[in-house]
Amino acid sequence: MLLWVDMCCGARVATSSAQFSRHCQVRPTDQHHLWTALSLGGDADVICFDVEHPDMSCLKFMADTKARFPSVPIIMLMSQQSADVVLWALRARIFDVLLKPLTPRDVLRCVERLSPVLEARRTQQTRANATGAEAIPDEARYHARRNSRGKLDTVLGYIEKNYAQPISEQDVAKECGLSPFEFSRAFRAAHGVTFRDYLAEWRLMQSKRLLGISQVSVSDVAAMAGFNDPSYFARLFRKRTGISPSAYRASLSSGAKVVDVEAIG
């Protein structure tokens, strides 16, 4: 059972939920009744938050829901990619973030990844709930000094503008006036993920957009997204998505939103 929480006033909810209803039972609910439904137990396995442009109250409610029900996987749908939201999702342990409009392959990949997680949750229900309080890793408990945080303010914007170019963690640390070790600890303390993981996720997100341009070869997509080794790009893409870049491109052939290369920064 997938509990569908409409947080975008009904815009395109029917289309998105229909994609998931092909694979599982979907039951609509809202913020006021979600926690009650989960507290009563029943057969609720997954939560899907359907949003347009997530604001602070929306993200806080999702984070509070994850804290209250740590063993329940959460999926978030949104209409516009955002570096800040992706970073927040990694830190908050959101199971998956999908961009609308959804493709059948996006949904199938998500459902396939959910299967072993749900099976483990059903067989180890007590353990999952008992360990939920440990969701935040020890590394994230380190608090960066105020001056280090200030020096990190421009890093995400720098990645967003320069992801297609080689970006060295050592060079970025130098620009921030920190040693590589200080920068690594400060970035993870401030954002909950490592600099390299965040950079890789941002580049993969850009590569998905570029794969929507059929005239651009997969090797060129890798280069344009900042991966100088096409083989590494293909391996990382498959590891993170479960399919190859070519297969992902093929999944976009039906009803996909074509990406305008001029719109890519």
Label the stretch 63-116 by shape, choosing from rounded, prolate and oblate, from the square roots a ≥ b ≥ c of the eigenvalues of the Cα gyration tensor; if a/c is under 1.5 it is rounded, and otherwise prolate applies when a/b is larger than b/c, oblate when it is not. oblate
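Please compute the per residue accessible area over the stretch 179-224 with all protein chains in place, 1.4 Å probe, rounded to a whole number of Å². Walk me through the numbers before you get to the answer.
Details: 1890 Å² over 46 residues.
Spelled out: the 1.4 Å probe surface of the stretch 179-224, per residue, equals 41 Å².
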Among the listed pairs LYS208/LYS239; LYS60/LYS239; LYS100/LYS161; LYS100/LYS174, which have their C-alpha atoms separated by more than 26 angstrom in this model? LYS60/LYS239; LYS100/LYS174
At 0.36 nm per residue, minus the direct Cα-Cα distance, what do LEU99 and GLN80 gain on full extension? Give it in nm, one decimal, please. 6.2 nm
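Can you tell me the order of 70-78, 24-32 when each peptide is scored by its average per-residue count of other Cβ atoms within 10 angstrom, highest first?
Details: 70-78: 21.0, 24-32: 13.8.
Going from most to least packed, we get 70-78, 24-32.
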Ignoring any ligand, DNA or RNA, what whole percent of the accessible area of the stretch 44-111 comes from carbon and sulfur when the probe is 1.4 angstrom? 55 percent
Let me know the shape class of the stretch 18-112, please: from the alpha-carbon gyration tensor, a ≥ b ≥ c as square roots of the eigenvalues, rounded when a/c is under 1.5, otherwise prolate if a/b is greater than b/c, or oblate. oblate
Distance in nm between GLU52 and ARG240 label points, each 7 Å along Cα→Cβ, equals 2.8 nm
Each label sits 7 Å from Cα toward the beta-carbon; between GLN215 and ASN162 the label points are separated, in nm, by 3.0 nm
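The values are calculated or read from the model by the stated rules, or taken from the named source; none is laboratory data. Please read all numbers here as calculations on a predicted model, not as lab measurements. Cβ coordinates were reconstructed from backbone atoms using ideal geometry, including for glycine residues, and neighbour counts include every protein chain displayed. The accessibility values were calculated without ligands, DNA or RNA, using every heavy atom of the protein model including side chains. Shrake-Rupley method; radii C 1.70, N 1.55, O 1.52, S 1.80 Å.
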